[in-house]
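A.B. asks: Sharing a structure here in structure tokens format.
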Amino acid sequence: MIEKALTGNKVYWSWVALLVALIILGIYSYSQQLTYGLTVTGMGRDVSWGVYIAQFTFLVGVAASAVMVVLPYYLHDYKEFGKIVIIGEFLAVSAATICLLFIIADMGHPDRVFYVLLYPHPNSMVFWDVQVLNGYLLINIVSGWTVLEAERKGISPPNWVKPIIYLSIVWAVSIHTVTAFLYAGTPGRHLWLTAVLAPRFLASAFAVGPSLLILISFILRKFADFDVGDKAIRKLATIATYAAIANFFFVGAEFFTAFYSNIPGHKHSLQYLFFGLDGKYQLVPWMWFSMIVGIASVLIMLYQQRKPSQKLLIAACSGIVVSLWIDKGIGLIIGGFVPSPMEEVVEYFPTFIEITVTLGIWAIGLLILTALLKVAVAVKKAA
Amino acid sequence: MIENRRKFLKKSAGVLAGAGVVSGFISKYSTGFATASTEKPVAEKGIRWGMVIDMRKCVDGCVKCIDVCHVTHNVPEFDNPKDEIKWIWKSDYAKVFPSKSQQFVSAETKQKPFLTMCNHCADPPCVMACPTGATFKRKDGIVEMDFHRCIGCRFCMAACPYGSRSFNWRDPRPAIEDITQEYPTREKGVVEKCNFCSERLAKGQQPACVEACPEKVLTFGNLYDKKTEIRQILKDNPTIQRKPELGTNPSVFYIT
């Protein structure tokens, strides 16, 4: 089947060329990082994780969100998702792959990555995260590919794949829960030490994933002449809307607990992120932009459900993705380190090398997604 | 009928077994204390190395303990605070004890330089977080690092509530003035911190900082031995630990 990714028109190949160029730039930057160490990044003694781990966190959510199409289609027999379910699974495959790449990019000793399996320590949440992420990647490759292969041959998928698909539903929830537990179990970081973190992660993931799927559907409609169907898109929009509402509800709950209880430690990180702390307010414009765009997008989503409009839907979905990317892909991780355990406010600025490595990894993910979707669309159209 | 009864018995046995497991967990996680104290009862057996820092005796501007530690352990000197590596250092009282009362105290008290280092917690969050066992707690209570096992994921740094851990963001060797042969240098990409001079303890020596201090600010000893000097000091003086409310049980105590 894979040969279907090797044929395409000019637009397809220009897109692939752009991604390859970004990947090459990323590889060059990564070679610099390998030579000189992580000092080439903006991370330091106080803010010891940066964009790499933040992207990882955001993308685990994207990977997990495949469950929002798999569950209605396979468990509730919601036929309208027949064309989009494979797109969701392949989105999960590419997102899970680059999650692993972001972890490796962040490691001081990437050559020792297999120590995690060689010297397993189940006390550590990292151990579990590596297990569930790799497992999820495998599950989605196997189930997505097998079902597609069957469709190409015009036969029904083999029976053994059904349990794997059902497993993927539970597994999806587990990957984002474990990822939240990486943070929610650290005793000294108030922004993370909250039981609402895992539910909030899931809510934001289930808002971002379906929004991305809607955007991808429109792209496929325009460039690949492939239509997943209006009904599927509208259902996804509903899922994204309510998940986004749940997310902002959780954010509000965080604010209430921190500011009503008035405990300084609980307030500090939120103060830094949204109002500035100790005269430092680098992320304040980002966070308000995220908040305003996010809530506005939810309102547009609700409005366009009464008066359907493709333009508004695209705007709202993009808004949700951008808003929650800032929230999770920037604010949550960096905010967790500010102030430091010594109550110092140290700011973090990603470097050019760090940004190009990040773009390179995203490009790898997009390239995988492009190739997989090319295959899926070709098979679906022939069927 | 008999069939049904058998089923019922099976089910109730399952429920009872489950309840047994749960109650086992409950007894494991309950402290046995009537009050909700942060302190955990410990069986004082064997060795638990600890330190008392008497800040009444510590002289402002004196950095003898810091210098000797950093020379002994080949700790590099970087100008950029981002790359900094610290095993023992001085920071303001208000930063070392952010949750202690700061009201109505003078600026001098708030900014009084306090010595700080790894607390060698009895319940170390860094050890919980480490995915490979590169950081581990020894039988004598020392939280130790295996530089060859560390993958540089920096989870321990996120988990440590005291900011006691440093990462080698770059190759440390060019930034060490005189390399000491008695202790290994590190390479880029691994985490390091104070080790209570475990290499010196093995030879029967006191930690380098304790030995170097002319004012006898630092007292080192076995916290589980009631006859030691450190236990006498802990008995006779009011002492505080950093963030005891987190349940990490630090082995470093302060007299303020």
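A.B. asks: Could you tell me how many degrees, from 0 to 90 and to the nearest 10, lie between the Cα long axis of helix A:284-306 and the main elongation axis, the longest principal axis, of the Cα atoms of chain A?
C.D. replies: 30 degrees
A.B. asks: If you take the charge dipole of chain A about its Cα centre, with +1 on Lys and Arg Cβ and -1 on Asp and Glu Cβ, which of A:19, A:192, A:131 is farthest toward its positive end?
C.D. replies: Positive-most Cα among the choices belongs to A:19.
A.B. asks: Quick one: which residues, 5+ away or cross-chain, put their amide H under 5 Å from the amide H of residue B:114? H built at 1.01 Å from N.
C.D. replies: Under 5 Å from the amide H of residue B:114: B:91, B:92, B:93.
A.B. asks: Okay, next question. Give the angle, between 0 and 90 degrees and rounded to the nearest 10, that separates the Cα long axis of helix A:230-261 from the longest principal axis of the Cα atoms of chain A.
C.D. replies: With both axes taken from Cα atoms, the answer is about 10 degrees.
A.B. asks: Compute, for segment B:49-255, the length of the dipole vector about the Cα centre, with Cβ point charges of +1 (Lys, Arg) and -1 (Asp, Glu) only. Units Debye, rounded to 20. The partial results should precede the final answer.
C.D. replies: On the way: 30 positive and 26 negative charges, 130 e Å.
Using Cβ point charges on Lys, Arg, Asp and Glu, segment B:49-255 gives about 620 debye.
A.B. asks: For segment A:78-147, what does the relative contact order come out to in percent, with C-alpha contacts under 8 Å and a separation of six or more?
C.D. replies: Working: 25 pairs, mean separation 35.5, N = 70.
Reported relative contact order: 51 percent.
A.B. asks: Round to the nearest 10 and give me the degree value, 0 to 90, for the angle of helix A:85-106's Cα axis relative to the longest principal axis of chain A.
C.D. replies: Tilt of helix A:85-106: around 40 degrees.
A.B. asks: Roughly how many whole Å is it from the C-alpha centroid of segment A:337-383 to that of segment B:200-227?
C.D. replies: Taking the Cα centre of each part, segment A:337-383 and segment B:200-227 sit 50 Å apart.
A.B. asks: Which of the three applies to segment A:2-382, rounded, prolate or oblate, going by the alpha-carbon gyration tensor with a ≥ b ≥ c and a/c under 1.5 meaning rounded?
C.D. replies: Taking the square roots of the gyration eigenvalues as a ≥ b ≥ c, segment A:2-382 is prolate.
A.B. asks: Then there's this: Note down the magnitude of the dipole of chain A about its Cα centre, charges +1 on Lys and Arg C-beta and -1 on Asp and Glu C-beta and zero elsewhere, to the nearest 20 debye.
C.D. replies: Numbers: 25 positive and 20 negative charges, 264 e Å.
It comes to approximately 1260 debye.
A.B. asks: Residue by residue through segment B:136-147, what is 3J(HN,Hα) from phi via Karplus (6.51 cos²θ - 1.76 cosθ + 1.60, θ = phi - 60°)? Round to whole Hz and write x for glycine and proline.
C.D. replies: Karplus values, whole Hz, x for Gly and Pro: 8, 9, 7, 4, 8, x, 6, 8, 10, 10, 9, 5.
A.B. asks: Classify segment B:49-255 as rounded, prolate or oblate from the Cα gyration tensor: take a ≥ b ≥ c as the square roots of its eigenvalues, call it rounded if a/c is under 1.5, otherwise prolate when a/b beats b/c and oblate if not. List each step's numbers first, then the result.
C.D. replies: Working: a/c = 1.37, a/b = 1.30, b/c = 1.05.
Rounded is the answer for segment B:49-255, as its axis ratio a/c remains below 1.5.
A.B. asks: For the charge dipole of the protein assembly as shown, defined by +1 on Lys and Arg C-beta atoms and -1 on Asp and Glu C-beta atoms about the Cα centroid, which residue among B:224, A:67, A:358 has the Cα displaced farthest towards the positive pole?
C.D. replies: Going by the charge dipole, the pick is A:67.
A.B. asks: Oh, and also: Compute the orientation-averaged projected area for segment A:189-239 from the convex hull of its Cα atoms and round it to one decimal in nm². If you can, show how the numbers build up before the last one.
C.D. replies: Details: hull surface 17.5 nm².
Reported value for the Cα convex hull: 4.4 nm².
A.B. asks: Which loop-located chymotrypsin sites (Phe, Trp or Tyr not before Pro) does segment A:202-283 contain, where loop means any DSSP state but H, G, I, E or B and the Cβ has at most 13 other Cβ atoms within 10 Å? Walk me through the numbers before you get to the answer.
C.D. replies: Working: sites: A:206, A:218, A:223, A:226, A:242, A:248, A:249, A:250, A:255, A:256, A:259, A:260, A:272, A:274, A:275, A:281; in loops: A:226, A:275, A:281.
Counting only loop positions with at most 13 other Cβ atoms within 10 Å, the chymotrypsin sites (Phe, Trp or Tyr not before Pro) in segment A:202-283 are A:275.
A.B. asks: Something else now. Under unit Cβ charges (Lys, Arg +1; Asp, Glu -1), what dipole magnitude, rounded to 20 debye, does the protein assembly as shown have relative to its Cα centre? Kindly include the intermediate steps, with their values, before the conclusion.
C.D. replies: Values: 64 positive and 49 negative charges, 434 e Å.
Dipole about the Cα centre, nearest 20: 2080 debye.
A.B. asks: Kindly identify the protein assembly as shown as rounded, prolate or oblate by the Cα gyration tensor criterion: order the square roots of the eigenvalues as a ≥ b ≥ c, call it rounded if a/c is under 1.5, otherwise compare a/b with b/c, prolate if a/b is larger, else oblate. It would help to have the intermediate numbers written out before the result.
C.D. replies: Values: a/c = 1.99, a/b = 1.68, b/c = 1.18.
Prolate is the answer for the protein assembly as shown, as a/c is 1.5 or above and a/b outweighs b/c.
A.B. asks: Now for a separate question. Pull up the DSSP beta bridges for the protein assembly as shown and report the antiparallel fraction as a percent, rounded to 5. Walk me through the numbers before you get to the answer.
C.D. replies: Details: 17 of 21 bridges.
Roughly 80 percent of the beta bridges in the protein assembly as shown run antiparallel, per DSSP.
A.B. asks: Let me ask you something else. Find the relative contact order for segment B:49-255 and round it to a whole percent, using C-alpha pairs within less than 8 Å whose residues are 6+ positions apart.
C.D. replies: Details: 369 pairs, mean separation 67.2, N = 207.
Here the relative contact order equals 32 percent.
A.B. asks: Whole angstrom only: what separates the Cα centroid of segment A:185-207 from the Cα centroid of segment A:268-324?
C.D. replies: So the separation of the two Cα centres works out to 19 Å.
A.B. asks: I need to check one value: relative contact order of chain A, counting alpha carbon pairs closer than 8 Å and at least 6 residues apart, in percent.
C.D. replies: Details: 527 pairs, mean separation 117.6, N = 383.
Value for chain A: 31 percent.
Read the figures in this text as sums done on the coordinates, not as results from a lab. Note that the structure is predicted; figures quoted are calculated from it, not measured. So basically every Cβ, Gly included, is an ideal-geometry build from the backbone, and we count neighbours across all protein chains shown.
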